[in-house]
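Below is one structure, written out as structure tokens, with a few remarks after it.
Please treat every number below as a calculation from the coordinates, not as lab data. Keep in mind that what you see is a predicted model, and the values were worked out from it rather than measured. Note that we place each Cβ from the backbone using ideal geometry, even for glycine, and neighbour counts take in every protein chain shown.
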Amino acid sequence: MIAFTNAAQRTADWPAPADGARSWLLDSHTPWVFRGAAWHPLPLGSLGSATGPASQTDVGATVTTLVTLSVPVVAGRRYRIYGGGSGSQVTATAAVSYWQIIDGDGGNTRVAQANQLLAGQALVGWGQATYAPAASKTAVITLQGFATASATRVSANTCQLSIDDIGA
């Protein structure tokens, strides 16, 4: 694997790489492979994970953040976010309860939703979202919960978020 300062230097110094050639870009700290007449990012795999909340939390009519994960991301790459959790409705029936993942640019993906969740019933759900950041930065990924009535009680460390770099 040959290291280059950035993509412009790679193009100038290596104008005709063979299929299968690999490079490393120092500006983004990312690996690339040349195939089909173009450079493609190689997946880096797992970038991080987090569990939460730190203590028992009752999620009510205000959207509540249960887990937060901060990771560096690079524009032009794609990421897979996994998240979910479990909790149970307490004291009253909620018309809608849900978990959602918020990506580092404010987009959201609902990972679980329960309508007419009765007191004592569980809300459990897991899901994934694909995230392509508009700019290189430290992205803050969150898992949030909401319940329209009473609360969904979430025990400590029963929610999780993880993010993988999947290349392009």
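Values computed for the structure shown
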read-out	value
For the range 67-83 versus the range 134-168, the gap between their alpha-carbon centres in whole angstrom	11
Contour minus Cα-Cα distance for A122 and A21 (0.36 nm per residue)	31.3 nm
Sum of -39500 (n - 2.57) over DSSP H runs of 4+, divided by residues of the chain (222 nm, nearest 500)	-1000 deg cm²/dmol
Cut-off 14 Å between beta-carbons: net charge of the residues surrounding F4, Lys and Arg +1, Asp and Glu -1	0
Residue of A38, A119, A151 that the Gaussian network model of the chain assigns the largest fluctuation, springs spanning Cα pairs under 10 Å	A38
Taking S97, S150 and counting other C-beta atoms within 10 Å, the order from fewest to most	S150, S97
Relative contact order %, the range 1-152, counting alpha carbon pairs below 8 Å whose residues are six or more apart	26
